[in-house]
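First up is the structure itself, then whatever we jot down about it.
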Amino acid sequence: MKKEFAVIGLGRFGGSICRELVIQGMEVLAIDIDEERVNEYAEVATHAVIADTTDENVLKNLGIRNFEHVIVAIGDNIQASILTTLMLKEQGVKKITVKAQNDHHEKVLKKIGADQIVHPERDMGVRIVTNLVSNNVLDYLELSAEYSIVELIASSKIHGKTLIDLDVRAIYGVNIVAIKRGESIMISPQAHEEILKDDILVVIGAYQDINRLEKKLLNE
Ligand code: ATP
């Protein structure tokens, strides 16, 4: 069965969430107070409605509590974002994801029980800078404040070496969980696997450990 989502606020962020959910085959109710924005998404979303989501009765009439996941992507109007989240909580929505504008906004959202809080601009900024300052990092996924999964380009320093030779687990406390080679990917590579030119190593570990590995082993 298709999962049912509601996206409130159809700015650039909410709009792209809405499009992507539809691409992934989900049912999406798109909501905005602004008629023009709603018209823009009438063809994209499963349903699109003009509504002020700070109004409890409006949310009731939309049957918002029946949606499995509601995304609040109201940006600049922090008051409307907080009020909407509060209403959704009160109506018993199972999962609420909210876009936060700043740390104060996040603090309030946490207090009122938002399940997931995202900072798309900040997170994207960190991601892009990580790519800019490092020659080896292709991508990364933050697992927690301490741990991440990072894709690193294998430098010529380690071409022809096996995972045993590198012994990264003992020396750096990180694990190579996969090797990407062209179109293929080796999950849990064998210890005798040799690293070739253009290989991409998928590494899991603490930030500073991955950083040490990158500096010592991968910088040309
Ligand atoms: P962007 O996502 O485009 O980078 P943003 O996060 O600042 O920017 P806004 O342009 O603020 O997004 O868009 C938020 C949307 O939320 C707007 O389309 C606005 O009309 C809508 N919105 C604001 N208040 C309410 C409300 N009370 N009920 C429903 N929609 C609202």
**OP:** Identify, among Ile74, Ile50, Val177, the residue whose Cα sits farthest towards the positive end of the charge dipole of the chain, taking +1 on the Cβ of Lys and Arg and -1 on the Cβ of Asp and Glu, with the dipole about the Cα centre.
**Re:** Val177
Original post:
Given a Förster radius of 22 Å and the C-beta distance between Val129 and Lys161 as r, what FRET efficiency does 1/(1 + (r/R0)^6) yield to the nearest 0.05?
Top reply: 0.15
Original post:
With θ set to phi - 60° and the Karplus curve 6.51 cos²θ - 1.76 cosθ + 1.60, what are the ³J(HN,Hα) couplings of segment 194-199 in order, to the nearest whole Hz, using x for Gly and Pro?
Top reply: 8, 8, 10, 4, 6, 5
**OP:** Set the Förster distance to 45 Å, then compute FRET efficiency between Asp34 and Leu143 from the Cβ-Cβ distance, nearest 0.05.
**Re:** 0.75
Subject >> Listed peptides 73-84, 137-148, 8-19 by packing density, highest first (mean Cβ within 10 Å) >> reply: 8-19, 73-84, 137-148
Subject >> Dipole in debye (nearest 20) - segment 155-205, about Cα centre, beta carbon charges: Lys, Arg +1; Asp, Glu -1 >> reply: 100 debye
Original post:
So which lysines can Lys215 reach, going by Cα to Cα under 22 Å and dropping same-chain residues fewer than 8 places off?
Top reply: Lys157, Lys161, Lys180, Lys197
Original post:
Can you give the accessible area per residue of the chain, in Å², using a 1.4 Å probe?
Top reply: 58 Å²
**OP:** With +1 on each Lys and Arg Cβ and -1 on each Asp and Glu Cβ, and nothing else charged, work out how big the dipole of the chain is about its Cα centre, in Debye to the nearest 20.
**Re:** 580 debye
Subject >> Nonlocal amide H pairs with Val98, under 5 Å, H built at 1.01 Å >> reply: Val72, Gln116, Ile117, Val118
**OP:** Calculate for the chain the 222 nm mean residue ellipticity that helices alone would give, adding -39,500 (n - 2.57) per DSSP H run of length 4 or more and normalising by residue count, nearest 500 deg cm²/dmol.
**Re:** -10000 deg cm²/dmol
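Seen from all sides and averaged, what is the projected area of the convex hull of the Cα atoms in the chain, in nm²? Write out the running numbers ahead of the final one.
Numbers: hull surface 58.4 nm².
Computing the convex hull of the Cα atoms and averaging its projections yields 14.6 nm².
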Subject >> Leading residue at positive end of dipole, the chain (Cβ point charges), from Leu213, Leu83, Ile149 >> reply: Leu213
Original post:
Taking amide H positions as placed 1.01 Å from N in the peptide plane, with prolines and chain starts having none, which residues 5 or more places from Glu27, or on another chain, fall under 5 Å of its amide H?
Top reply: Lys3, Phe5
Original post:
When the accessible area of segment 1-148 is split by element with a 1.4 Å probe, what percent falls to carbon and sulfur?
Top reply: 51 percent
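The values are calculated or read from the model by the stated rules, or taken from the named source; none is laboratory data. Keep in mind that this is a model prediction, so the values were computed, not measured. Every residue, glycine among them, receives a Cβ derived from its backbone with ideal geometry; neighbour counts consider all protein chains shown. For the accessible areas, the whole protein counts, side chains as well, though only heavy atoms, and no ligand, DNA or RNA atoms are used. Shrake-Rupley method; radii C 1.70, N 1.55, O 1.52, S 1.80 Å.
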